[in-house]
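Since every read-out is calculated from the coordinates, none of them should be taken as a lab result. The shown structure was predicted, so the numbers you read here are calculated from the model rather than taken from an experiment. For neighbour counting, all protein chains shown are included, and Cβ atoms are generated from backbone atoms with ideal geometry for every residue, glycine included.
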Amino acid sequence: VIRLVQKDTQFSELLQGVDYSSLFVLCDENTATHCYQSDWFPPHSLINVPAGEESKSFQTVERVLSQLKDQGADRHSLLLNLGGGVVTDLGGFVASIYMRGIRFINIPTSLLGMVDAAIGGKTGINFSGIKNMVGVFNQPLYTWLHRPFLKTLPQQELRSGWVESLKHGLLKSEILYNKVVHWRDETPSIELILESASYKQDLVTMDFMESNQRKKLNLGHTFGHAIESETGLPHGYAVLIGMWCEIRLTAPVNRQTERITEYLKESAQLFMEDRLPIFEDKTRILDLIKKDKKNKDGMIQVVCWRDFDYVHPIQVVSEKDILQTLSNYNVLFHG
Ligand SMILES: NC(=O)c1ccc[n+]([C@@H]2O[C@H](COP(=O)([O-])OP(=O)(O)OC[C@H]3O[C@@H](n4cnc5c(N)ncnc54)[C@H](O)[C@@H]3O)[C@@H](O)[C@H]2O)c1
């Protein structure tokens with residue numbers, strides 16, 4: 001359930017109807033500085049982890065579990081995950097396994113968290129160099145959206161979140177897509193954040209365990225996760241390249257509709273501005289794609305986008321075509 005938090009002080013009020021024995025707030029070092037104020041919440045213990053993707057690891061899971069235990073958390077404790085996608089993925093996972101599961105609430109502080117990561121109940125960590133390799137599906141009790149957190153979010157992170165909303169636009173409707181394209185460098189309105197977040201929430205409600213329709217949300221993520229692991233680019237930037245590659249791959253030049261050509265051109269413009277990387281060693285990206293957890297029986301699957309609301313959740317693609325697409329990307333953007 002998504003709820004809007006209108007004032008900083010409202011967090012305590014919202015917790016009034018929730019029954020728990022003790023309260024814990026999980027932050028990373030940046031959200032502890034910019035988004036946390038102890039008097040916003042009823043009495044609680046604060047747990048801090050380092051900022052960044054490296055915190056999605058077994059080592060950090062163990063540290064957070066130890067702190068919960070040492071500070072007396074029991075099965076009725078409640079965990080508030082106050083942070084970006086790293087904190088909500090990690091905190092959701094820890095909450096899911098501590099004493100076989102305690103309840104948690106996500107309070108996303110990054111745009112990517114608000115429109116995507118904090119919604120839908122996918123929790124987890126990276127393992128053996130592979131993104132989100134270990135985790136569970138488990139819904140938060142609530143996701144609370146508080147737009148003022150975005151004031152301190154670095155511009156690059158704002159743009160990273162924008163990409164996931166752009167994806168929602170591509171999947172849902174031309175109207176949403178056009179709205180999103182135009183707010184790229186601004187902080188979006190709460191209405192737009194909510195529209196994007198609700199689109200994901202609706203798909204998740206329809207297909208929680210990702211057996212069909214929810215798979216559409218993986219658009220750009222087969223390539224994107226591999227690119228993110230290989231280059232260390234922020235998630236959204238990697239997904240932007242991933243969406244270009246997957247749309248280009250599933251609609252080769254001779255089968256491109258006007259809409260696809262237009263999208264590929266438009267996103268190319270964005271790449272130029274962001275000076276996105278060239279892939280020197282394409283086989284390393286292919287190797288990572290081959291380990292993607294969405295693959296089935298050794299077959300690599302991507303989402304196939306043809307037009308707004310005309311998306312096949314799965315298309316099997318060959319290794320040869322993947323390498324060719326990465327070459328096309330290199331040639332087109334770095335000639
Ligand atoms: N579970 C899901 O469904 C899902 C979906 C998409 C992405 N993800 C995951 O989310 C992660 C990416 O999320 P992210 O982009 O939010 O990354 P993040 O959590 O690393 O946040 C990005 C950076 O911004 C900082 N930050 C966050 N909020 C801030 C604020 N208000 N002010 C100042 N600094 C702030 C963080 O400390 C961090 O340095 C990835 O691990 C990705 O795999 C999960």
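Order the peptides 72-82, 196-206 from the highest to the lowest mean number of other Cβ atoms within 10 Å of their residues.
Working: 72-82: 20.5, 196-206: 18.5.
Taking the mean over residues of other Cβ atoms within 10 Å, the ranking is 72-82, 196-206.
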Next on the checklist: Which order do the peptides 35-43, 88-96, 61-69 come out in when sorted by mean C-beta neighbours inside 10 angstrom, highest first?
Outcome noted: 88-96, 61-69, 35-43
Item to check | Within straight-line cross-link reach of LYS151, lysines at Cα separation under 27 Å, skipping those fewer than 8 residues along the same chain | outcome: LYS7, LYS56, LYS122, LYS167, LYS179, LYS200
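Restrict the search to segment 266-335; then list the trypsin sites (Lys or Arg not before Pro) that DSSP places in a loop and that have at most 10 other Cβ atoms within 10 Å of their Cβ.
On the way: sites: ARG275, LYS282, ARG284, LYS290, LYS291, LYS293, LYS294, LYS296, ARG306, LYS320; in loops: ARG275, LYS291, LYS293, LYS294.
Those that pass, being in a loop and sparsely packed, are ARG275.
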Checklist entry - What GluC sites (Glu not before Pro) in segment 159-229 are in a loop by DSSP, with at most 13 other Cβ atoms within 10 Å of the Cβ? => result GLU186
Checklist entry - Among PRO108, PRO50, PRO234, which one moves the most in a GNM of the chain with springs linking Cα atoms closer than 10 Å? => result PRO50
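Over all distinct Cα pairs, what is the inverse of the mean 1/r for segment 46-138, reported as the Kirkwood hydrodynamic radius in Å?
12.9 Å is the Kirkwood radius here.
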Item to check | Mean separation of Cα contacts under 8 Å (6+ apart) over length of the chain, as relative contact order % | outcome: 13 percent
Next on the checklist: Between segment 215-273 and segment 89-135, how far is it from one alpha carbon centroid to the other, in angstrom?
Outcome noted: 25 Å
Checklist entry - Roughly how big is segment 280-335's charge dipole about its Cα centre, with Cβ charges of +1 (Lys, Arg) and -1 (Asp, Glu), in debye to the nearest 20? => result 180 debye
Checklist entry - How many times 2.2 N^0.38 Å is the alpha carbon radius of gyration of the chain? => result 0.99
Item to check | For segment 114-218, the Rg and Dmax computed from alpha carbons only, in angstrom | outcome: 14.2, 40
Next on the checklist: Bin width 5 Å, origin at 0, all Cα-Cα pairs of segment 214-335: what percent of pairs per bin?
Outcome noted: 2, 11, 23, 28, 21, 12, 3, 0
Checklist outcome for this item: As straight-line cross-link partners of LYS282, the qualifying lysines (C-alpha separation under 21 Å, not fewer than 8 residues apart within one chain) are LYS131, LYS290, LYS291, LYS293, LYS294, LYS320
Item to check | Order by protection proxy (mean Cβ within 10 Å, highest first), peptides 311-318, 24-31, 11-18 | outcome: 24-31, 311-318, 11-18
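Considering only DSSP states other than H, G, I, E and B, which GluC sites (Glu not before Pro) in segment 272-335 qualify as loop sites with at most 13 other Cβ atoms within 10 Å? Numbers along the way, then the final one.
Values: sites: GLU273, GLU280, GLU319; in loops: GLU280.
Qualifying residues, ordered by number: GLU280.
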Checklist entry - Build a GNM of the chain with springs between Cα atoms under 10 Å: which of GLY224, GLY232, GLY113 gets the top mean-square fluctuation? => result GLY232
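Per DSSP H run of at least 4 residues, take -39500 (n - 2.57); add these up for the chain, divide by its residues and hand me the 222 nm value, nearest 500 deg cm²/dmol. Please list the in-between numbers first.
Numbers: 12 runs with 151 residues, N = 335.
When only DSSP H runs of four or more count, the value is -14000 deg cm²/dmol.
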